[in-house]
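Values quoted throughout were computed directly from the atomic coordinates according to the rules given, and no laboratory measurement underlies them. Just so it is clear, the structure is predicted and the values come from calculations on it, not from any experiment. We place every Cβ from the backbone using ideal geometry, glycine too, and count neighbours over all the protein chains shown.
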Amino acid sequence: MTALGFLYPGHSAEDDYPRVEQLLASDIRLDVVHTDIGEDAHRVDALLRMGSADRLATGVEELRRTGAEAVVWACTSGSFVYGWEGAHDQVRSLAQAAGMPASSTSFAFVHAMRELGVRRVAVGATYPDDVADLFAAFLRAAGAEVVAVRGAGVVTAGEVATWEEKELFALAREADHAGAEAVLLPDTALHTASHLPALEEALGKPVLTANQVTVWEGLRLTDRRVHAPALGTLFTREPIVQV
């Protein structure tokens, strides 16, 4: 049994995690611990407070009791908003507090892109444009070429959590670009776990979503690989050998 821990801000699309656990169909347990979201706002100052070391540390003790072997901060905006170096500091602080390997959803996207060998990406973000642009800047700092960014202008995670298939597919299609090798949907408040193969079929390319890559990142931290076609190309491709 491999136990993975996730610190998840507030309550929105956390039901993606038991769904993913089912789709993995393996000896893997996904434990979600909720952190205090504070002010629910896709605004830089609120996101910085949400991802602060103190807030993350409050969930660590509960996470340890689950027997987790690795922890991922399951929040994209609450990590990339710190910038490339600041997001590294955030993860280092979390690893020290938890006493186990740690990462965040923002780094999960970067590692997933490298796993698939894609560099040119399009971003479909639920966020306002200024926050969406910060995610694009984070990806560029990692060496990605961001060929298109579509911000939907949604202010709260609570509203994103109410989106259904229609809104999800509309965002993905509007974000797509002919020059993109993959489309990224970076919000853990967005329900995507049940739609990954259909999204990829609709766009004709890999689609990486926040909760999907977050779970994959936890597996990566524990050196586990699971073949799960229902979770998209990321869970079916052989790893790219770095030379």
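Structure above, values below:
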{"read-out": "Tensor-based shape of the chain (alpha-carbon gyration tensor, a/c under 1.5 rounded, otherwise prolate or oblate)", "value": "rounded"}
{"read-out": "Relative contact order for the range 114-217, counting Cα pairs under 8 Å that sit 6 or more residues apart, in percent", "value": "31 percent"}
{"read-out": "Global form of the range 115-208, assessed from the alpha-carbon gyration tensor, a/c cut-off 1.5", "value": "oblate"}
{"read-out": "Full-extension gain in nm, ALA142 to ASP89, via 0.36 nm per residue minus C-alpha separation", "value": "17.5 nm"}
{"read-out": "Selection from GLY204, VAL118, VAL160, by position along the positive dipole direction of the range 115-208 (Cβ)", "value": "VAL118"}
{"read-out": "Point-to-point label distance, GLU164-LEU48, nm (Cα→Cβ direction, 7 Å offset)", "value": "3.9 nm"}
{"read-out": "Percent RCO, i.e. relative contact order, over the chain, from Cα pairs under 8 Å lying at least 6 residues apart", "value": "23 percent"}
{"read-out": "Residue order, fewest to most beta carbons within 10 Å, for MET1, MET100, MET113", "value": "MET1, MET100, MET113"}
{"read-out": "Virtual spin-label span in nm between ASP129 and ALA202, 7 Å along Cα→Cβ", "value": "2.4 nm"}
{"read-out": "Estimated [θ] at 222 nm from DSSP helical runs (n ≥ 4, -39500 (n - 2.57)) normalised by residues in the chain, nearest 500", "value": "-13000 deg cm²/dmol"}
{"read-out": "Two-site label geometry, HIS177 and SER26: point separation in nm, points 7 Å out along Cα→Cβ", "value": "3.3 nm"}
